[in-house]
Structure formats: structure tokens, C-alpha cells
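Right, one structure below, let's go through it.
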């Protein structure tokens, strides 16, 4: 609800478009269920089925409008898991898509990704909404695991294109359906259970925009949260009753079984608390504090409303935008410039460690460390000094050459000298002889 310049209350126009077979089935059931509920200003909301399959268009419920396209490409049949056909068909009708969206304030695109029409045409609808200048929100489902890798690949490629064109989007894997139903639940009942959650979410958003409150939320608040950035969005809406209704509502609102992410990383939060006249301020404070605790730095906008149909009940509708996990930026370590000598020392140390590690041998469950053998440095042998040889005079060489007679005479002379020297020595007593 927004007041215009004339003082009149302005209620935003919303169009919900189901693109392709899966998206069309979801929107058809939502339209039937919402039309039976007492929702204010329901005439401001339109439900549209957009498809290339003419048979699906003919089976549309009376609560919906239809948008048939792609006749020249499919001849009234489906795209058969060929998203390029769905894209071409939508591009040819882009002017008509622009006219379909032009008179609205909010565009909610619903599609089951993985097929041909939804995966191929949904990005074209999102791009057109951006060009027209209206706020866009996407609600998409992804294939069951048993549907094969090809469908999942098509869904992922389409989602990559969609998130760059939408203001916000939410993703609900079909596999999560087993969190609300058991293995024995029939297919139709299972899909209806999933659609019931989507109905509650959409109804909660409509009430948030249209229902007057004690603290009012309007289209400008919705736009401020959703249009700030293209981001993954968490959506949920729950109703609880009883003495501990606030605690039960908090537990349920923070655990949407159809999504595989939470609000911990959310940058912007919008939530609305509605109850009867018995709604207590302490309950509102508890709910607000708990939701705000997830990210105190986030931008929070909240509203409080009262409606007699919620007697003894508490209803919370929550939209959290920016739920992507933020990548942690690692701080770069400062590079220390080392000298060549330091680098050489470190290099030698690492080489020695490698050599030591190689010498570690594995024994029977025990590692035996082989000690590094000490390398003893060989002592240098001292240089050998030549021994001095004392030669007797008889061996002394003369520079003059002599014959044999000369040598004989010399020997006799030497002997005579020695005898003379010995006669001078004192003879021991026991060798002396008495003279007769």
C-alpha cells in the first residue's frame, strides 16, 4: 500500500506468470487456492500461463489468463528438452511479452527448470521485465535427481542466465519434497503439498503489501529490499497457534523445507508479523530479535498487523535477500626479500633435511631412524723431514780421486789414531793384570 500525490491509497499491481508446463501447473493450483481465500484487493493480482504447448493452454483454469507463443517453431507442441527452441519462440514474441508486463509493478516468474520451454523462455521474460522497468522476482524449481544429468545441466545453465536479469530469485529443488512427504505419498498429493507452501508464501507477500498494519509495510519497502541487488532470496510464510505460538512460528519460519540454504548471509530482511487482538508486544520482540540475530549488520524492515481471522494465532512472512555464501578473501602475505647468502643457506638446509628424510626406513610398524654418519675430516699428515745422517770420517768423500794403496795407508793411519786414543782411557779394575 502506497499513498500517491492526491492522498489516495495506491495498491501495486502484481502479475504471476507460470512459464512452461511445470511452471504453468504450479501457477494454476496457486490461482485456484488463492481465489478461495479472503485476500484483500485480489483484483490487483493476475495469474498468467505462458506456454508453446497449445493443449496445456486449452486446459488452463478459469482463474488464469493465457499467453500462447511459439506457433511457428513448435506447431503447437512442446520444445522437447530443447531450451534453444523456447528461447527463439519467446524472442520472436518479445513485443507482446513487453505489453503483457507493462501495466504491472511486480512480476513474479514461476518455472520448473530443466525442460525446453521454461528453461529457454524464462530468461527472455526476465530480460523483458528489466527493460520495461518493473520489479521482478523469480521462483524456480530444479529437477529430481532421478530425472538425469542432462535435465540438471539445462536447469543450471538457465538459472545462470536468469540471476543476472532478475532483481531477486529463489530456488527450490524438487528433491526437497521428500522432507514434507514420505516415500508412499502419491505423486499428485506430493506436488500439491509443495504448491501449498508456495500458496502460503504468495498469500503472505500479498498481505504484506495490501493489508493495513499497526506498523505498515508497503510497495516502497518491498522494492527497497528486493531491488537493491540481484540476489538469492529466502521466502517463507507460516501460521502457528497455542501458548508457545511465537516459539513455534520462529522455528518454522527459519526452516523452509523446500530450500537448501538459510538467512545467515542475508543482507536485507523484510518480515511481517500478523495476529489477532491478543498479539503481545513480547511475542513481536522475541520474533524480531531472533531474526535480527542472524546478521546484525543487515538492513531490516518489519511490519506488525492485526486481523480478527488470526485470533489465537501468529503469522510470520519473511523475505531475506542476499543469501549467497560470501567468499573469504585471503590476505596476501608480505614478501620478504632475502639476500643471496640467506637463500643459499636455506637451500642447503632443505637439501640436508631431504637427505635425512630419505634415511628414515620403515620397520615393522616402527620407523627406524638411521643416524647420519659423521664424516671425519682426514688430518693432514705432517711433512716428513729428512733424517740427518752422521757419516764417519772414513766414509767422507774426497773431492780428490785416490787409488787402492792410498786408501790402505789412510786406513792404517786411522787405526793408529784410534789405538792411541784408547790408550788414554782408564782401564777397569777387573781387567787390569798384575805385573810379575
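The values are calculated or read from the model by the stated rules, or taken from the named source; none is laboratory data. For clarity, every value in this text was computed on a predicted model and none was experimentally measured. A quick note on method: Cβ atoms are made from the backbone with ideal geometry, for glycine too, and the neighbour counts reach across all protein chains shown.
Structure values in brief
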quantity	calculated
Hits in region 43-62 - residues which are in a loop (DSSP other than H, G, I, E, B) and surrounded by fewer than 17 Cβ atoms within 10 Å (Cβ to Cβ)	59, 61, 62
Given (1) free of Cβ contacts under 8 Å to residues at least 60 places away in the same chain; (2) touching a strand residue (DSSP E or B) at 6+ places or on another chain (Cβ under 6 Å); (3) loosely packed, with under 15 Cβ neighbours inside 10 Å, index of the condition residue 186 fails	(2)
Meets criteria (surrounded by fewer than 16 Cβ atoms within 10 Å (Cβ to Cβ) and either more than 30 Å from residue 307 (Cα to Cα) or not assigned by TED's automatic domain parsing to the domain that holds residue 124 (or both)) for residue 38	no
Residue under evaluation residue 162, criteria (1) modelled with pLDDT under 90; (2) touching a strand residue (DSSP E or B) at 6+ places or on another chain (Cβ under 7 Å), criterion not met	(1)
Residue under evaluation residue 243, criteria (1) touching a residue at least 24 places away in the same chain (Cβ under 8 Å); (2) over 33 Å from the mean Cα position of the chain (by Cα); (3) surrounded by fewer than 18 Cβ atoms within 10 Å (Cβ to Cβ), criterion not met	(1)
Residue match in region 218-233 (condition: within 26 Å of residue 325 (Cβ to Cβ), free of Cβ contacts under 8 Å to residues at least 12 places away in the same chain and outside the structural domain of residue 143 (by TED's automatic domain parsing))	no
Whichever residue in region 103-116 is closer than 21 Å to residue 31 by Cα and in contact with a helix residue (DSSP H, G or I) (Cβ under 7 Å, 6 or more places away or on another chain) and, among such residues, is surrounded by the fewest Cβ atoms within 10 Å (Cβ to Cβ)	105
Condition check for residue 252: crowded, with 18+ Cβ neighbours inside 10 Å and out of contact with any helix residue (DSSP H, G or I) (no Cβ under 9 Å at 6 or more places or on another chain)	no
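Here is a yes/no grid of residues against (1) in contact (Cβ under 8 Å) with a residue 24 or more places away in the chain; (2) out of contact with any strand residue (DSSP E or B) (no Cβ under 7 Å at 6 or more places or on another chain); (3) part of a helix (DSSP H, G or I); (4) not assigned by TED's automatic domain parsing to the domain that holds residue 203:
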position	(1), (2), (3), (4)
72	no, yes, yes, no
80	yes, yes, no, no
87	yes, yes, yes, no
123	yes, yes, yes, no
137	yes, no, no, no
146	no, yes, yes, no
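To keep it simple, each residue is scored yes or no on (1) closer than 25 Å to residue 172 by Cα; (2) touching a helix residue (DSSP H, G or I) at 6+ places or on another chain (Cβ under 9 Å); (3) surrounded by fewer than 16 Cβ atoms within 10 Å (Cβ to Cβ); (4) without any contact (Cβ under 8 Å) to a residue 40 or more places away in the chain.
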position	(1), (2), (3), (4)
262	yes, no, yes, no
274	no, yes, no, no
280	no, yes, yes, yes
295	yes, no, no, yes
301	yes, yes, no, no
309	no, no, yes, no
316	yes, yes, no, no
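Matching residues to (1) more than 23 Å from the chain's Cα centre (by Cα); (2) under 16 Å from residue 261 (Cα atoms); (3) crowded, with 18+ Cβ neighbours inside 10 Å:
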{"residue": "135", "(1), (2), (3)": "yes, no, yes"}
{"residue": "149", "(1), (2), (3)": "no, no, no"}
{"residue": "166", "(1), (2), (3)": "no, no, yes"}
{"residue": "171", "(1), (2), (3)": "no, yes, yes"}
{"residue": "193", "(1), (2), (3)": "yes, no, no"}
